[in-house]
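As structure tokens, the structure follows; a few thoughts come after it.
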Amino acid sequence: MTAPTDHRPPEASATAFTDALNAFTDRPHEPPPLQLIAPDGTLTLPPEQTPGYRPALLRTLYRDMRMSRELDTEATALQRQGELGLWPPLLGQEAAQVGSAHALRPDDYVFPSYREHGVAWCRGVDPVDVVKLYRGVTNGGWDPRETNFHLYTLVVGAHVLHATGYAMSLAKRGSDAVAVAYFGDGASSEGDVAEAFTFAAVHDAPVLFFCQNNQWAISEPVTRQTNSPLHRRARGFGFPGVRVDGNDALAVHAVTRHALDHIRGGGGPFLVEAFTYRMGAHTTSDDPTRYRPPAELEQWRAKDPLARLRTHLTAAGHAAPDFFDEVEQQARELAHRVRHAVRTMPDPERLGVFDHVHAEGHALVDEERRGFEEYERSFTDPERP
Amino acid sequence: MTLAKALNLSLRTALEDDRDVLVMGEDVGRLGGVFRVTDGLQKDFGEDRVMDSPLAESGIVGTAIGLALGGYRPVVEIQFDGFVFPAYDQIVTQLAKLHARSGGTLRMPVVIRIPYGGGIGAVEHHSESPEALFAHVAGLKVVSPSNPSDAYWMLRQAVRSDDPVIFFEPKRRYWDTGAVDPDATPPPLHRAQIVRAGTDLTLVAYGPSVKLCVEAAEAAAADGHSLEVVDLRSVSPVDFDTVQTSVEKTHRLVVVHEAPVFFGAGAEIAARITTRCFYTLEAPVLRVGGHHAPYPPARLERHYLPDLDRVLATVDHSLAY
């Protein structure tokens, strides 16, 4: 028996090979998120070089962010008072939502997850309809076809595939409209999001993947979801991805506009990662003080999207105090309207559980409805068995 | 023609009749599907309408939902029964519920074709019968043809349906032949059919087990017993009226399916028919089906699947009450 031998010569210096390997394995340099208005309200580029820089747009973005925040504040209060079963606050994500929503066309179709109250507002969905789901009077809330804003999807990531399929249908019909999927950093871990990227890429589907990286998936930081900047995932699937300062409404608007132009021009899918922060809880059911350092919240509070735009609007002379007074008045009116509507909202009809289970009926559902009706009648007509 | 050819013709006709019908799935294009059910369709209707999908079941069903929202009528193929589960979330939490969630404004005309059941000597995950898992979900309709004519017509009806339909194809019957009349007037999709009349006992089955029950009825006839065989055709909804009428005539009921008996379709049929026919039944409703065990390796499946002897033994058991 002979011992195994290795007759290979000692490793020669293989610098070229090592360099070639490193070209694959080195982590790429990460640029800072794209920004147009700094947290102190100053422009990062001269106004004439700042895409989309129009005072009227800036005022609209501010107004809609303020309205979104008011709806959010009011709904959070309503939940605390027992009027809503749950509420997922958007506090801090107003710029990501409103900035992107204003870049869309009415015929683009939005697939939200469940926190997109600001997008819903911009699409013209009645805020009263938005709170219905959380009040527990419906599992839907609005007719998606009226505003091209789909129903909320509570199973994270599932709707990203729906957006992709819808985008495929748009392409087949020769439309230049775009499907837009809003999802979060937590959802990016779901297989459905990866599958949506695959389907969209191989079909060149006109879909915008809009990821709001708010840093936390309930109690799990984004480092529990990914070891790579989320926007870089797109490149691996074969389409572009950009990280934008999600607290800068103007930058979000400009980047979304760019992405939509790319998609409409036949360029295929695009991923925008809005780098932002959820300043509130994931939902009213969790307590962020259990999992989040206070210093982190303070750090992000300094980047508040509303304060930033207000500072800029004032400093640039684009809005006088009476503009802000008017917006505050509108916000208060919205809050009153939502509060009144929620507290007077009737419960749905009991037999509603059998409504629309199927488009074409189902013998068992019909039978169970009849049985339940009989049972209900037995209380009003004691002669009946 | 064979059942597989009947399905192929059905899809071809559906694609011809309606520009919005799409066929999607893994290998459905150039290969024509692993069972060749979609053979030649991509060649004739193009890659835009007969689409090879990425290897991702959740993606297939999830994008089909989006295509349906865009006005299309996707017919998707899941390659084998045991591979449907990555898509189960999309089917159960999304496809089944969107019509109800939208208050009836959104429609989900999606057909999910799933070759199912055993008897072809396949390897693990290729021989399962998950129909009860789908029938339990409100919002879905679940059907399974047992012969080529039903395969043709039931698939055409499923494609025209505005509801999501889980279409289970009995893979061991793909090569069975029978007449298909494209000019016939088919019964409604969810109506059961009496495939053999009898007076002593009712056998209820669907899909692959119907043929077995007809064979059992023939064997029992030699012993002087007259068995009626009901082909359920639809597992959700179940046509209980037809089963009830039969049981009121025969006073005995045995349900046969390949899926495990425990919490299976037979349990639901037994419970509802017992409620409806309590005073006419001469024996408890009995069931024949798979064991509460993972589907076994192919060399053992003949002991797992209901066979003629097990069906006849159960028939004898019922008749002995």
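The values are calculated or read from the model by the stated rules, or taken from the named source; none is laboratory data. If you're wondering where the values come from, they're calculated on a predicted model, not measured in any experiment. FYI the Cβ positions are ideal-geometry reconstructions off the backbone, even for glycines, and counts take in every protein chain you see. SASA here: full protein model, heavy atoms, side chains in, ligands and nucleic acids out. Shrake-Rupley method; radii C 1.70, N 1.55, O 1.52, S 1.80 Å.
Using C-alpha pairs below 8 Å separated by at least 6 residues, the relative contact order for chain A is 22 percent.
For chain B, modelled as a GNM whose springs connect Cα atoms under 10 angstrom apart, the maximal fluctuation among B:73, B:156, B:233 occurs at B:156. What you get for segment B:200-255, charging only the Cβ of Lys and Arg (+1) and of Asp and Glu (-1), is a dipole of about 120 debye around the Cα centre. The accessible area of residue A:25, taken with all protein chains in place and a 1.4 Å probe, comes to roughly 90 Å².
Across segment A:221-232, computed HN-Hα scalar couplings (Karplus, 6.51 cos²θ - 1.76 cosθ + 1.60, θ = phi - 60°) run x, 4, 5, 7, 9, 7, 10, 9, x, 4, 5, 6 Hz from first to last residue, x flagging Gly and Pro.
Relative contact order of chain B, taken over Cα pairs closer than 8 Å and 6 or more residues apart, is 15 percent. Partners of residue A:132 within straight-line reach, counting aspartates and glutamates whose Cα lies under 15 Å from its Cα and excluding those fewer than 8 residues away in the same chain: A:72, A:74, A:83, A:116, A:143, A:347, A:349.
Between chain A and chain B, the total buried accessible area stands at approximately 3400 Å², from heavy atoms with a 1.4 Å probe. Once the partner protein chains are put back, segment A:318-365 shows a loss of at least 40 square angstrom of accessible area, versus the chain by itself, at A:356, A:357, A:358, A:359, A:360, A:362 (probe 1.4 Å, ligands and nucleic acids excluded). Using the rule -39500 (n - 2.57) for each DSSP H run of four or more residues, divided by the residues of chain A, the 222 nm mean residue ellipticity is -14000 deg cm²/dmol.
Average accessible surface for the protein assembly as shown: 42 Å² per residue, computed with a 1.4 Å probe over protein heavy atoms with every protein chain in place.
Which stretch or stretches of segment B:208-235 have amide N atoms under 20 Å from the point lying 7 Å from residue B:249's Cα along the Cα→Cβ direction? Of the residues in segment B:208-235, B:210-234 have backbone N under 20 Å from the label point off residue B:249. Counting only other chains, what is the mean number of Cβ atoms within 10 angstrom of the Cβ of each residue in peptide B:53-60? Partner Cβ neighbours, averaged per residue: 6. Per-residue ellipticity at 222 nm from helix content only, as computed over chain B with -39500 (n - 2.57) for each DSSP H run of at least four residues, stands at -10000 deg cm²/dmol.
Between A:13, A:169, A:285, the Gaussian network model of chain A with springs among Cα atoms under 10 angstrom shows the greatest mean-square fluctuation at A:13.
Which is the longest part of chain A that has none of the GluC sites (Glu not before Pro) sitting in a DSSP loop with at most 16 other Cβ atoms within 10 Å? The reported range is A:12-348.
Carbon-plus-sulfur accessible fraction, chain A (probe radius 1.4 Å, protein heavy atoms only): 53%.
The phi torsions of segment B:254-260, fed into the Karplus equation with coefficients 6.51, -1.76 and 1.60 and a -60° offset, translate into couplings of 10, 9, 10, 8, 7, 5, x Hz, rounded to whole numbers, with Gly and Pro shown as x.
Among the lysines, which have Cα under 16 Å from the Cα of residue B:211 when same-chain residues fewer than 8 positions away are ignored? Those lysines meeting the cut-off are B:171.
Placing unit charges on each Cβ (+1 for Lys and Arg, -1 for Asp and Glu) gives chain A a dipole about its Cα centre, and among A:221, A:163, A:311 the Cα reaching farthest toward its positive end belongs to A:311. Distance between the pseudo-spin-label points of residue A:29 and residue B:303 (7 Å out from Cα toward the beta carbon): 6.8 nm. Of all DSSP bridge pairs formed entirely within chain A, close to 10 percent run antiparallel. Within segment B:188-220, what residues put their amide N at less than 15 Å from the label point 7 Å along the Cα-to-Cβ vector of residue B:282? Answer for this model: B:198-203.
How large is Rg over Rh for the protein assembly as shown, taking Rg from the Cα atoms and Rh as the Kirkwood inverse mean of 1/r across Cα pairs?
Taking Rg over the Kirkwood Rh, I get 1.06.
For chain A, a simple Cβ point-charge model (Lys and Arg +1, Asp and Glu -1, everything else neutral) yields a dipole of about 780 debye relative to the Cα centre.
For residue B:226, nonlocal amide neighbours, meaning residues 5 or more places apart or on other chains whose placed amide H falls under 5 Å from its own, are B:199, B:200. Computed over protein heavy atoms with a 1.4 Å probe, the carbon and sulfur contribution to the accessible area of chain B reaches 53%. The slack in the chain from residue B:184 to residue B:292, taken as 0.36 nm per residue of separation less the alpha-carbon distance, amounts to 34.8 nm. Annotation: for a label point projected 7 angstrom from Cα along Cα→Cβ of residue A:326, residues of segment A:35-66 with backbone N closer than 11 Å are A:60.
Would you mind calculating the relative contact order of segment B:28-127 from Cα pairs under 8 angstrom and at least 6 residues apart, reporting the percent as a whole number? If you can, show how the numbers build up before the last one.
Values: 134 pairs, mean separation 25.0, N = 100.
It rounds to 25 percent for segment B:28-127.
Interface burial in segment B:209-251 reaches 30 Å² or more for B:237, comparing the full protein assembly with the chain by itself; accessible area from heavy atoms with a 1.4 Å probe. The GNM of chain A, with springs linking C-alpha atoms under 10 angstrom apart, assigns the highest mean-square fluctuation among A:337, A:66, A:257 to A:337. Normalised by 2.2 N^0.38 Å, where N is the number of residues, the C-alpha radius of gyration of segment A:39-161 stands at 1.15.
The string of couplings for segment B:127-135 from the Karplus curve (6.51, -1.76, 1.60, θ = phi - 60°) is 8, 9, 10, x, 4, 5, 5, 8, 5 Hz, one whole number per residue in order, with x for Gly and Pro.
Summarised in one figure, the compactness ratio Rg/Rh of segment A:78-119, Cα atoms and Kirkwood Rh, is 1.08. Taking the longest Cα principal axis of chain A as reference, the axis of helix A:249-262 is set at about 80 degrees. The dipole here belongs to the protein assembly as shown: it is taken about the Cα centre, uses +1 on the Cβ of Lys and Arg and -1 on the Cβ of Asp and Glu, and is about 880 debye. In this structure, the amide hydrogen of residue A:36, modeled 1.01 Å from its nitrogen in the peptide plane, lies closer than 5 angstrom to those of A:251, counting only residues at least 5 positions away or on a different chain. Taking 1.306 mPa s as the viscosity and 10 °C as the temperature, the Stokes-Einstein diffusion coefficient of chain B based on its alpha-carbon Kirkwood radius rounds to 80 µm²/s.
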